[in-house]
Amino acid sequence: MKAYVLRNLWWIAFGIALILLIDHSFKIVNLTIDTISVLLLLIMLLSPFIAAVKKIKFGDFEAEIDIDEIRKIKSETEKTLSESQENRGEVPKIYATSDAIKALAESDPVIALAKIRIELEKLLARLARFNSITVKGSALGALVNQLTNQEIVSHDIGKALREVIALCNRAIHGETISDEGARTIIGVGVELLEELYWLARKQASTGSIVHKEIITPQESDEYYHKKKYRLTSITPYVENPKKVVRELTQEQLDEVLDGYRDYAEFIVELVEVKNG
């Protein structure tokens, strides 16, 4: 019923004003203040703009966060994420967090929105630390701006983050949100969580690029095929622990690291073998 009233608010306002104007004009009820007609005419003229009001509160009656605004954010974010996502075969712990938030949304959407905001803040802070950005005391919106300005997070993702965080804040601070709106924002928030998780994971494994230059094919050959490395590993969780030292080319080292998760060994040292 409340949603119906909000959708047709300007028609209701216009109709009431028109009835009162006719009543006043034909003296059906004895109204003696001459400015009433002017006031009611003003209400009639302004009533089409009432539909643009996003928040109205009178006693316990409160307008909802605009569902069209939420749908627009969802559409734009899905397009951005579909262009950036890669094939991700693993199922890391972020998906358990996503599932927990979706389950929470069934019983308490506002708490689920609060959880979305908390998890987004954790991942944004992690990205900031990886890139030596100060996060203590920073507003979340300002942190998103810093990450975006330094191109750590794309501008499209940054825009989606700011919009989702703003809607979460509004819901947390008391604005009413429909079930459909809450589910939509939670869905978008979960997708952004997973996107940030993979971005943080990539940075954790590759580090930050501090220098980049073009090298010659000869230099490339020197780095890849001719250099050697001494790799020291230990196997601790056996009856007779052991340490192994290997000398490897870059190509051999790539093979060792590619299957590293399958080994019971732990790398403890890796140094370049200097010529001579």
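Evaluating Q203 against the criteria (1) loosely packed, with under 14 Cβ neighbours inside 10 Å; (2) closer than 27 Å to A128 by Cα; (3) in contact with a helix residue (DSSP H, G or I) (Cβ under 9 Å, 6 or more places away or on another chain) leaves one unmet condition, (1). State whether one or more residues within the range 212-223 are at pLDDT 85 or above and surrounded by 13 or more Cβ atoms within 10 Å (Cβ to Cβ). No, every residue in the range 212-223 fails to be at pLDDT 85 or above and surrounded by 13 or more Cβ atoms within 10 Å (Cβ to Cβ). Residue count for the range 148-195, restricted to those that are over 14 Å from E69 (Cβ atoms) and of a type in the set (G, A, S): 5. Among the residues of the range 183-199, is any at pLDDT 80 or above and surrounded by fewer than 16 Cβ atoms within 10 Å (Cβ to Cβ)? Checked against the condition, which is being at pLDDT 80 or above and surrounded by fewer than 16 Cβ atoms within 10 Å (Cβ to Cβ), the range 183-199 yields no hits at all.
Considering the range 221-255, the residues that are in a helix (DSSP H, G or I) and under 41 Å from the mean Cα position of the chain (by Cα) include one that is nearest to I267 (Cα to Cα), namely L253.
Which residues, counting only those in the range 93-121, are loosely packed, with under 13 Cβ neighbours inside 10 Å, of a type in the set (G, A, S) and more than 13 Å from A182 (Cβ to Cβ)? Those that are loosely packed, with under 13 Cβ neighbours inside 10 Å, of a type in the set (G, A, S) and more than 13 Å from A182 (Cβ to Cβ): A96, A103.
The values are calculated or read from the model by the stated rules, or taken from the named source; none is laboratory data. Please read these numbers as outputs of a predicted model, since none were measured by experiment. Neighbour counts are summed over all protein chains in view; Cβ atoms, including those assigned to glycine, are modelled from backbone coordinates with ideal geometry.
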